[in-house]
Each structure stands twice: as C-alpha cells, then as structure tokens.
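Here is the structure we will look at, set down as structure tokens.
The values are calculated or read from the model by the stated rules, or taken from the named source; none is laboratory data. Not measured: the values here are computed from a predicted model. Quick reminder, even Gly has a Cβ in these numbers, built from the backbone with ideal geometry, and neighbours come from all protein chains shown. What goes into the accessible areas is simple: the full protein's heavy atoms, side chains included, and nothing from ligands, DNA or RNA. Shrake-Rupley method; radii C 1.70, N 1.55, O 1.52, S 1.80 Å.
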Amino acid sequence: VAAACAGPILASTNDGAPRLLLQQLSDKNRPVAIGILDAFSKTKRDLVALEPELLRVTQGVHDPEVKKAIPPVLGKLDSLAAAKALFSSVQTGKAVKGEDPQHVYNSRVVTALKLTKSGEVKKWLAGPAFHAAGSDAAKLAVAAQLSGELSLADARGELEKLVERRLSPALCQRGKVPAAPQRPATGPGPVAGTGNLRRRPAGPVCGRAP
C-alpha cells in the first residue's frame with residue numbers, strides 16, 4: 001500500500017512532497033523504496049531543483065534490487081553530474097545463476113544515458129568517460145556502447161585505443177562505432193617526403209580484427 005501511495009503523493013501540489021518521499025530512502029523496505037523510485041521516474045514534475053538530494057540519496061542505496069530502479073530517475077535529470085554518478089556506479093557483475101542484478105543495472109544505465117539530449121553529457125561520454133573508466137572493463141564496455149548508441153564521432157580515438165589494447169570485440173557490443181569526420185585536404189598533392197599516402201577508410205572500429 002505504501003509503495004502505491006508514492007505516485008499520488010508526488011503528483012500532489014505540495015512542494016515538500018518529493019523531499020518527504022526521499023527521506024531515509026535507503027532505510028525503507030524494498031517494495032516501498034522501489035515504488036518511490038518508480039514514481040520519480042514517471043513523474044511530470046521538474047526534478048532539477050531536487051538534483052543534489054536525488055544524487056545524495058541514491059548513492060546511499062545498496063540493495064541491488066532497489067538500485068535497478070535508480071537509472072531511470074537520474075536519467076530524467078539529464079545533467080553531467082547525474083551522468084557521472086550513473087557511470088561511476090557501473091561495476092563488473094558476479095558469476096551467479098540466473099539474472100545478475102549488476103548486469104541489469106549496467107544495462108539500465110546505458111538505456112538511461114542513451115536518451116540524453118545534453119551536449120555537455122555527450123562531450124563527456126566521448127572522451128573523459130573513457131579516462132574515468134581507467135582499466136575497468138565494465139565501465140569501458142558501457143562507454144563503448146554509448147558511443148555507438150549516440151553516434152559520438154569524437155569517441156573514435158578512444159575506441160581505437162581499446163582495439164589496440166585488444167579489449168574488443170568484448171567491449172563493442174551493439175551498433176556501429178561512428179566514423180571519424182573527414183578532414184579537408186590541405187593541398188593539391190602529397191607533401192614532399194611523405195610519399196603517396198592513402199587515407200585509411202573511415203568505418204566502424206568494432207569487429208576489426210585485433
């Protein structure tokens with residue numbers, strides 16, 4: 001019953017309703033916490049003013065089943081801070097029988113971030129996200145997949161580095177890597193001393209033999 005009440009409470013005109021629902025979210029039982037997060041993911045309210053609180057509260061959630069409800073909520077914020085929070089929470093799943101909650105969570109992070117309309121978020125995903133991932137295979141996989149989903153041509157250099165490090169095709173999961181933008185010719189002919197160089201054809205990095 002408490003979980004079902006979250007939607008109507010959030011739909012009320014009471015300005016304090018959202019913060020009331022978020023109070024001690026991590027201490028609430030699983031069905032109630034999931035119900036509250038689902039209500040936030042579906043609300044028509046503007047959540048921008050609640051961003052600091054949403055980021056703080058969701059970082060305190062440790063129940064893997066409740067965590068799966070977080071990406072749609074933070075995705076609605078469509079901000080760089082929310083994107084970084086989602087990306088940093090991606091982890092390598094454990095070998096378990098049946099559905100791995102962490103794998104599901106990672107997939108939902110991709111689903112949330114591929115809907116971004118923010119140029120700032122896209123710019124970060126095309127470069128700094130790869131650096132933030134370091135050698136974390138799960139984060140690199142998410143960054144690579146989002147580069148394809150969002151057609152981030154600026155990410156091509158980072159994706160080529162992954163291929164050179166022999167981290168593909170495991171990281172190239174879906175879609176095609178965007179082709180690098182064509183560079184205009186700088187002169188009528190080859191520069192002296194360089195020979196007749198051929199331009200490497202622009203094409204998807206994923207699937208190229210390592």
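Worth a mention:
- Simple rule: put +1 on each Lys or Arg Cβ and -1 on each Asp or Glu Cβ in segment 97-136, find the dipole, and look at Val121, Val109, Gly98; the Cα lying farthest toward the positive end is Val121.
- Modelled FRET efficiency - R0 22 Å, Leu20 with Thr111, Cβ distances, 0.05 increments: 0.20
- Accessible-area order (highest first, 1.4 angstrom probe) of the listed residues His62, His103: His62, His103
- Once the Cβ-Cβ distance of Arg165 and Lys94 is raised to the sixth power relative to R0 = 22 Å, the FRET efficiency obtained is 0.35.
- Glu53 versus Asn29: modelled label distance in nm, points set 7 Å from Cα along the beta carbon direction: 2.5
- Contour minus Cα-Cα distance for Lys42 and Glu65 (0.36 nm per residue): 6.5 nm
- Tensor-based shape of segment 35-130 (alpha-carbon gyration tensor, a/c under 1.5 rounded, otherwise prolate or oblate): oblate
- Accessible area of Ser26 in the full protein assembly, 1.4 Å probe (Å², nearest 10): 70
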